[in-house]
Amino acid sequence: KLKLGVLGSGSGSNMQAILDAIDDGSLQAEIVLVLSDNEDAYILERARKVGIAAEVIDCGGYAQRFPEASQLEVAQRLKQAGVEMVCLAGFMRLVKSPLLDAFPQRILNIHPSLLPAYPGLMAWKQAVDDGATESGCTVHYVDAGMDTGPIVLQAKVPVLGDDTADSLHARIQVEEHRIYPEAIRVVAGV
Ligand code: GAR
C-alpha cells in the first residue's frame with residue numbers, strides 16, 4: 001500500500017476525503033503521518049481520532065515563512081515514517097527546496113481555482129471579486145513556484161450570480177473531495 005503523508009493547516013476535509021476513499025477501497029493507500037503548522041488545526045484531531053500519528057511543525061514563530069530548518073525536519077519525519085508521497089491539503093506555507101528535494105515529483109497540492117487562474121490565498125474570493133462565471137479546483141505537482149507545478153486533474157464549478165465567497169468555496173470543496181483521491185490514484189498508479 002502506498003504510504004501517504006499529509007500536511008495541512010486547517011479543517012482537513014480534504015484529508016478526510018482521502019481517508020474515505022481508502023476506507024471504501026477505491027484508493028489503495030494509507031495515511032501514515034499528518035503534520036500541521038497550526039497546533040489548533042482540526043486536521044490533527046481528525047487524524048488522531050482514527051489513530052493516525054499527527055504532529056505539529058515548529059515554524060520558529062514565523063506567521064507565514066516556512067523556514068529551511070523546519071522543512072528539513074519535516075522531510076526527515078516524513079522519511080522516518082516511510083512516506084512515499086506527500087499531499088498538501090490546505091497547507092498554507094510555501095514548500096521550497098529542502099522539502100521538494102527530499103520528495104522529487106512526489107508532492108501534490110490541492111488548490112481552490114482553475115490554475116493558472118487565481119493562485120495564492122483565498123482563490124474562491126478572488127474568483128467572486130473578479131466576477132468570474134466559472135471556477136473550480138486543481139490538483140497539481142508542487143514545484144518551487146506558488147501554485148505553478150504541472151497539473152494532474154481539474155474540476156469546474158459554476159459561479160452563480162448570488163454567490164458569496166463562502167458559498168462558492170463550499171461548491172468547490174465538493175469537487176476537491178472528489179478529485180484529490182482520484183489524482184493520487186492517477187499519479188501513483190494505485
Ligand atoms: C481547500 O479548499 C484547499 O483547496 C485550500 O484550503 C482549503 C483547505 O480545506 N488550499 C489553499 O488555498 C492552498 N493555497 P480543508 O482543510 O478542509 O481540506
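The values are calculated or read from the model by the stated rules, or taken from the named source; none is laboratory data. In this text, all values refer to a predicted model and were calculated from it rather than measured experimentally. A quick note on method: Cβ atoms are made from the backbone with ideal geometry, for glycine too, and the neighbour counts reach across all protein chains shown. The protein model used for the area step is the full one, side chains on, heavy atoms only, and it has no ligands, DNA or RNA in it. Shrake-Rupley method; radii C 1.70, N 1.55, O 1.52, S 1.80 Å.
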Item checked: Filter pass, VAL142 being within 12 Å of the ligand (Cβ to nearest atom), at pLDDT 95 or above and within 21 Å of VAL32 (Cβ to Cβ) -> yes
Notebook entry, point to check: So which residues in the range 155-190 are within 19 Å of GLN16 (Cα to Cα) and in contact with a Gly (Cβ under 7 Å, 6 or more places away or on another chain), if there are any at all?
Noted result: ALA155, ILE172, GLU175
Next item on the list: Just give me the residues in the range 142-187 being hydroxyl-bearing (Ser, Thr, Tyr) and surrounded by fewer than 15 Cβ atoms within 10 Å (Cβ to Cβ), in sequence order.
Entry: THR148, THR164, SER167
Notebook entry, point to check: Does the range 98-107 contain at least one residue that is charged (D, E, K, R), touching a Pro at 6+ places or on another chain (Cβ under 9 Å) and away from the ligand (no atom under 16 Å from the Cβ)?
Noted result: no
Note to self: Of all residues being assigned to a loop (DSSP other than H, G, I, E, B) and either within 13 Å of the ligand (Cβ to nearest atom) or without any contact (Cβ under 8 Å) to a residue 24 or more places away in the chain (or both) in the range 120-139, which is least open to solvent (accessible area, probe 1.4 Å)? Just the residue, please.
What the structure shows: GLY120
Check: So which of ALA81, ALA54, ALA41, ALA17 is within 16 Å of the ligand (Cβ to nearest atom) and within 21 Å of VAL142 (Cα to Cα)?
Finding: ALA17
